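The values are calculated or read from the model by the stated rules, or taken from the named source; none is laboratory data. In this text the structure is predicted, and so the values were computed from the model without any measurement. Please note: Cβ atoms are built from the backbone with ideal geometry, for glycine as well, and neighbour counts cover all protein chains shown. Side chains are part of the model used for accessible areas, which takes the heavy atoms of the whole protein and leaves out ligands, DNA and RNA. Shrake-Rupley method; radii C 1.70, N 1.55, O 1.52, S 1.80 Å.
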Amino acid sequence: MKKHFFFIFFSFLVFLDAARITTVLGTGEAGFSGDGGPANKAKIRGPFGVTIGPDGCLYVCDTYNHCIRKIDEKGIVFTVAGVGEEKGYSGDGGDATDALLNEPYEVRFDAKGDMYFVEMMNHVIRKVCMKTGRISTFAGTGEKGFKGDGGLAEKAHLNRPHSLQFGPNGDLFICDIGNHRIRKISIDTRIISTFSGTGKKSKTVDGGKIDKVHLNGPRAIDLIGNTMWLALREGNAVYRLELDTGTIHHVAGTGKKGFSGNGGTAKLATLSGPKGIAVGIEGNIYLADTESHSVRMIDRKSGTLELIAGDGKKGDGPEGNNPKKCRMDRLHGIFVDKKGLIYVGDTNTHRVRLIEMNGN
């Protein structure tokens, strides 16, 4: 079985006795270049969502270049959707690399290996068949609004969707942030419905019913089994949604914006506009705490909030053996692989960073 290519390609960077942070895509200069060459010499512009695909490659939303980039097992970068730099909404039925996109924010893969991504400014979810390379619109009409529950997803209206993830039954969940809801699309029928949120921008009730609570800026989700993890950007908090019981539970953040509480109880800490969330090894929850320019982690065993990278201030580096000294600038995307390697879309530094924790 082929080993994870980043473990091979960047293994010379790893020190087992220390954490380390490095750049795996981008030069730090905004631009669009490098296809067919080494990823760490390519230029990108404002990366958001990141994920590892079923092929073991790293996929990146090159958001302000309006495209999706891929790094293969040899560390070579390619564009797999969008033309790069030019924005629009076109190309359905044709090759994904000829289509026009408008700010792809997050990318995921279904059980069949097909790629789905959110285009926030087109208010749609697009799908790429990885066997044919053809692109189509899976949800949304391109018109901003709230409409369509109970009908086909491609006829529904979304309002600035930001995050998406597949559930245990293959259904697709979407953070429809402008509507303050999480929407769900049945993978079998393609019928869309509201899964959580009333549409009202108010405080979420701890222990409430998923379908009756208010959600203040549902920005990012991740799912493991029957548990969904939700980051509220405006709400400055993290909640756990239990799909089997239909209840929602407060996990981290007081609701006030800030950068306090590292090393203490997660519920008493302050967060600063988190826009990315990922479940890691041992069930720990990793946050792209965007407006504190840091990566923070909820330790599920102790219930504490730990600082992983950044110091709360924006900047660019320095990289090396102390991630907590490496400043970042409005990171959005975050993904943790099965080895515990953390990938971050560090948006305003135009880099995708790799964080290696002790022992990885």
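Computed values, structure above
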{"item": "Qualifying residue in the stretch 2-12 (condition: at pLDDT below 95, more than 23 Å from Ile334 (Cβ to Cβ) and outside any loop (DSSP other than H, G, I, E, B))", "result": "yes"}
{"item": "Strands (runs of 3 or more DSSP E) wholly inside the stretch 211-272 that include at least 2 residues being under 18 Å from the mean Cα position of the chain (by Cα)", "result": "218-224, 227-232, 237-242"}
{"item": "Restricting the stretch 324-360 to residues that are assigned to a helix (DSSP H, G or I) and within 18 Å of Gly26 (Cα to Cα), the residue that is most open to solvent (accessible area, probe 1.4 Å)", "result": "Asn348"}
{"item": "Selection status of Arg160, within 19 Å of Glu234 (Cβ to Cβ) and either open to solvent by 10 Å² or more (accessible area, probe 1.4 Å) or at pLDDT below 95 (or both)", "result": "yes"}
{"item": "Hits in the stretch 188-198 - residues which are more than 18 Å from Gly142 (Cα to Cα), open to solvent by 30 Å² or more (accessible area, probe 1.4 Å), part of a loop (DSSP other than H, G, I, E, B) and not acidic (Asp, Glu)", "result": "Thr189, Thr198"}
{"item": "Considering residues of the stretch 97-115 that are farther than 18 Å from Val50 by Cα and either in contact with a helix residue (DSSP H, G or I) (Cβ under 8 Å, 6 or more places away or on another chain) or not β-branched (Val, Ile, Thr) (or both) only, the residue surrounded by the fewest Cβ atoms within 10 Å (Cβ to Cβ)", "result": "Lys112"}
{"item": "Which listed residue, of Ile174, Ile185, Ile210, is buried (at least 16 other Cβ atoms within 10 Å of the Cβ) and either farther than 26 Å from Gly253 by Cα or modelled with pLDDT under 95 (or both)", "result": "Ile185"}
{"item": "Residues located in the stretch 270-296, provided they are more than 18 Å from Ile52 (Cα to Cα) and crowded, with 23+ Cβ neighbours inside 10 Å", "result": "Leu271, Pro274, Lys275, Asp289, Thr290, Ser292, His293, Ser294, Val295, Arg296"}
{"item": "Residue satisfying all of: in the stretch 58-83; buried (at least 21 other Cβ atoms within 10 Å of the Cβ) and assigned to a loop (DSSP other than H, G, I, E, B); farthest from the chain's Cα centre (by Cα) among these", "result": "Gly82"}
{"item": "Of the criteria (1) in a strand (DSSP E or B); (2) farther than 26 Å from His162 by Cβ, which one Ser302 fails", "result": "(1)"}
{"item": "Scan of the stretch 84-96 for residues that are open to solvent by 20 Å² or more (accessible area, probe 1.4 Å), not polar (S, T, N, Q) and not in a loop (DSSP other than H, G, I, E, B), ordered by number", "result": "Lys87, Asp95"}
{"item": "Residue list for the stretch 305-323, restricted to those being over 17 Å from Thr22 (Cβ atoms), assigned to a loop (DSSP other than H, G, I, E, B) and open to solvent by 40 Å² or more (accessible area, probe 1.4 Å)", "result": "Asp311, Lys313"}
{"item": "Test for Gly264: is it open to solvent by 10 Å² or more (accessible area, probe 1.4 Å) and of a type outside the set (Asp, Glu)", "result": "yes"}
